[in-house]
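The values are calculated or read from the model by the stated rules, or taken from the named source; none is laboratory data. What you are looking at is a predicted structure, and each value in this text was computed from that prediction instead of being measured. Note: accessible area is taken over every heavy atom of the protein model, side chains too, but ligands, DNA and RNA are not part of it. Shrake-Rupley method; radii C 1.70, N 1.55, O 1.52, S 1.80 Å.
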Amino acid sequence: MPNAPSQIADNVAAVRARIDEAAARSGRSADRVTLVCVTKYAGVEAAQALVEAGCLDLGESRPQELWHKHDVLANSAIRWHLIGHLQRNKVARTLACTHLIHSVDSLRLARSIDENARNQGPPARVLLEVNISGESAKHGFSPDEIEQALVELANLPHLRVLGLMGMASGDGDLTTARREFASLRMLREQLVGRCPPGVLLDELSTGMSLDFGVAIEEGATLVRVGSALFEGLEG
Ligand SMILES: *Cc1c(COP(=O)(O)O)cnc(C)c1O
């Protein structure tokens, strides 16, 4: 079995090379694409190996697992990203350790984040999750709700909307993924000129291991990559 830290470092280098290629193909700067390394399949040691390989943006889909790795790694240079569904009773603890919440999927959750952030210092940094595949099992605002939601969100002083997040349909088909990512890019372009003051839509979080190249070609500024970082490892 390959030594885990060196295998992980090799995988990180391979993913970064593919990010550079995708950016070059679409005439974008790879500097505008942040690799969020998703550690949900990995233990604390593998997460530590990612940090040693230079990855300081780490993502978890479950709040409790994020809290756990945050506390055990205890490294203030790490920027934690929550990428999965957040229940309102977990907001306070999550805000205390999270750099960016990608998965704000309702106004109720946004209001709860705003209330909690009031007591915790800096405004909460969030993305709005948009259901771009139209699958009913997926969380998120529907694309035609977003403009109205932004008006309400602009009135929440302790919440900073920084962009949009979307997930392609689960079948791994790149043509479908491209179409869905392009629809989010165009939604962002439509909304950006009409955003209420205080709302920014600079960030687009799209793309996972199977489709991050396509996501970057369609404007992703954050890609959330998990399994590709752990290839070739046992377990
Ligand atoms: C698990 C997960 C990812 C990473 O998935 P991989 O296919 O392993 O890269 C990205 N985004 C979300 C929301 C996830 O839950």
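The aspartates and glutamates within cross-link reach of K138, meaning a Cα-to-Cα straight distance under 20 Å and a gap of 8 or more places when in the same chain, are E60, D105, E129, E147, D171, D173, E180, D211. Measuring nothing but how far apart in sequence close Cα pairs (under 8 Å, 6+ apart) lie, relative to its length, the stretch 90-235 scores a relative contact order of 20 percent. For the options G59, G170, G140, a Gaussian network treatment of the chain with springs between C-alpha atoms closer than 10 Å singles out G170 as fluctuating the most. GNM on the chain, alpha-carbon springs under 10 angstrom: the most fluctuating residue among E45, E180, E217 is E45.
In percent, how large is the relative contact order of the stretch 1-156, given Cα pairs closer than 8 Å and 6 or more residues apart?
Values: 204 pairs, mean separation 22.3, N = 156.
Over the stretch 1-156, the number comes to 14 percent.
Residues W80, W67 ordered from highest to lowest accessible area at a 1.4 Å probe: W67, W80. With a/c under 1.5 counting as rounded, go ahead and sort the stretch 4-225 into rounded, prolate or oblate using the C-alpha gyration tensor (a ≥ b ≥ c being the square roots of the eigenvalues; past the cut-off, prolate if a/b is larger than b/c, else oblate). Verdict is oblate for the stretch 4-225. Sorting K90, K69, K138 on solvent-accessible area from highest to lowest, probe radius 1.4 Å, gives K138, K90, K69.
Residue order by solvent-accessible surface for L107, L184 is L107, L184, largest first, with ligands and nucleic acids left out and a 1.4 Å probe. Per-atom-type breakdown for the chain gives carbon and sulfur 49% of the accessible area (1.4 Å probe, protein chains only).
Solvent-accessible surface of the chain, averaged per residue with a 1.4 angstrom probe and all protein chains in place: 46 square angstrom.
Normalising by the residue count of the stretch 1-91, find the relative contact order in percent from Cα pairs under 8 Å and 6+ residues apart. Before the final figure, lay out each step's value.
On the way: 92 pairs, mean separation 23.2, N = 91.
Contact order relative to length: 25 percent.
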